[in-house]
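Here the structure comes first, spelled out in structure tokens, and everything after it is commentary.
Laboratory data are not the source of any read-out in this text; all were calculated from the coordinates shown. The structure presented is a predicted model; accordingly, all values stated were derived computationally and were not measured. Here Cβ is always computed from backbone atoms with ideal geometry, including for glycine, and neighbour counts include all displayed protein chains.
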Amino acid sequence: MTNRRTLTANVLVLAAIGVLAAIYFTPIWWVSLTAPNYPEEAFPDGIRINFHMNGVFNGCKKVESAEISEDEYLDCVHEMDTINHYVGMYPIAAGGVIERAFSPFLISMLAVMLLGFMFSNPLLRASVLSAGFAVLIGWMYLTYYGEEGLKYQNTGYTSALITSLDQDSEVEKRELTAGEALIARMQASLDQSSNKQPVTEKETKLSDKTNNINSLRISFEKDQERVTSSEREQWNGSGAQMLSWHYEMNLARYFNVQEEIQPLVKGMTTAADIVFWLLIAAMIFLVVVTFKTNSKMYWLLVIPSILLPLFFLIDYSAWLWWYGHTLNDMGAFSVKPFMPTVFGDGKVAQFTTHSYPALGFGLMILFSALLIVAANQRYKQFNIDK
């Protein structure tokens with residue numbers, strides 16, 4: 001019976017880890033704005049955005065009908081930012097800054113914790129946790145503090161950074177110099193003459209991420225021209241540099257009041273540094289305190305994952321409160337601080353707001369349910385073994 005419970009628990013944990021991976025690449029929540037000036041024929045879902053773990057993405061669809069034909073999707077992230085700024089609201093990318101940057105590490109940390117939870121042998125569990133956390137810490141350090149660390153981030157994160165700045169992620173679309181144009185034509189000619197094979201999907205994603213990073217670098221270096229040479233910062237491509245600069249750029253996008261922005265940037269940068277070292281401290285703590293299977297601390301390996309849907313809702317609600325209570329006075333219209341709709345439909349000025357869970361949140365519930373059953377099986381196993 002004990003072996004059967006162990007097998008059941010471990011299969012459920014492995015299934016949960018698979019669901020966790022799917023959650024990261026799936027929209028978790030969506031928000032849309034509808035209004036008479038956005039007719040349903042042209043905007044069937046209104047001005048819609050999708051919240052993912054690693055960023056906020058366009059939720060608008062390309063409209064094809066007898067009356068309307070669109071060559072490109074409407075950038076609804078930019079459209080919603082434009083609408084919101086009229087009431088003094090900061091851009092969407094000004095929220096969840098640390099969560100988005102650290103999301104791959106947080107998800108990976110939960111996965112390692114669940115792998116450790118599968119082992120009842122204390123030595124094996126400590127070994128799995130130590131090895132997994134060591135790799136995670138190395139990856140996290142290279143990404144966040146290492147030179148060119150952005151290359152260790154995922155493509156979705158870098159794409160969201162580009163979108164939030166309302167920039168083209170393809171460096172080729174900027175104006176090329178005569179030399180660059182000549183090289184591009186020569187490369188195209190060589191590719192055609194050599195019948196070069198089409199690139200794979202993996203190569204395309206790597207190319208997209210490289211283009212994203214190059215575009216961000218160009219924007220960063222261009223932005224540095226506005227400051228004095230003594231204050232000018234050299235590009236190093238680290239996650240820390242990008243988080244600080246990108247946050248400042250978004251805060252100043254519509255309301256460039258530096259005396260208000262700089263304290264926010266300094267606070268966010270400090271908070272991100274603290275989170276980095278707290279995560280490392282938490283990993284070391286978990287290895288030490290979960291060494292004994294019968295210890296109550298052992299359950300720390302699974303409880304945070306079970307509570308993931310709750311953590312998301314708390315974080316999401318807190319940021320919505322911040323948006324509605326941190327309104328800049330430079331907005332075209334003055335409104336009282338308000339709490340945007342977390343779930344359901346609401347009303348702001350002439351706009352109707354819609355805020356609902358997406359597939360990813362359903363997967364979060366499934367993830368939590370699988371782990372509750374697995375934890376129950378493990379708990380019964382421990383009681384039998386006593």
Sequence ranges 152-162, 372-382, ranked by mean other-Cβ count within 10 angstrom, highest first = 152-162, 372-382
Ordered by residue, what ³J(HN,Hα) values in Hz, to whole numbers, does the stretch 142-147 give under the Karplus form 6.51 cos²θ - 1.76 cosθ + 1.60, where θ = phi - 60° and Gly and Pro are x?
-> 4, 6, 8, 10, x, 5
Can you tell me which of 76-84, 133-141 comes out highest on packing, and rank the rest after it, using the mean Cβ neighbours within 10 Å?
-> 76-84, 133-141
Can you give the relative contact order of the stretch 215-319 as a percent, counting alpha carbon pairs under 8 Å and 6+ residues apart?
-> 13
Where does each of 362-368, 244-250 land if you order them by average Cβ count within 10 Å, highest first?
-> 244-250, 362-368
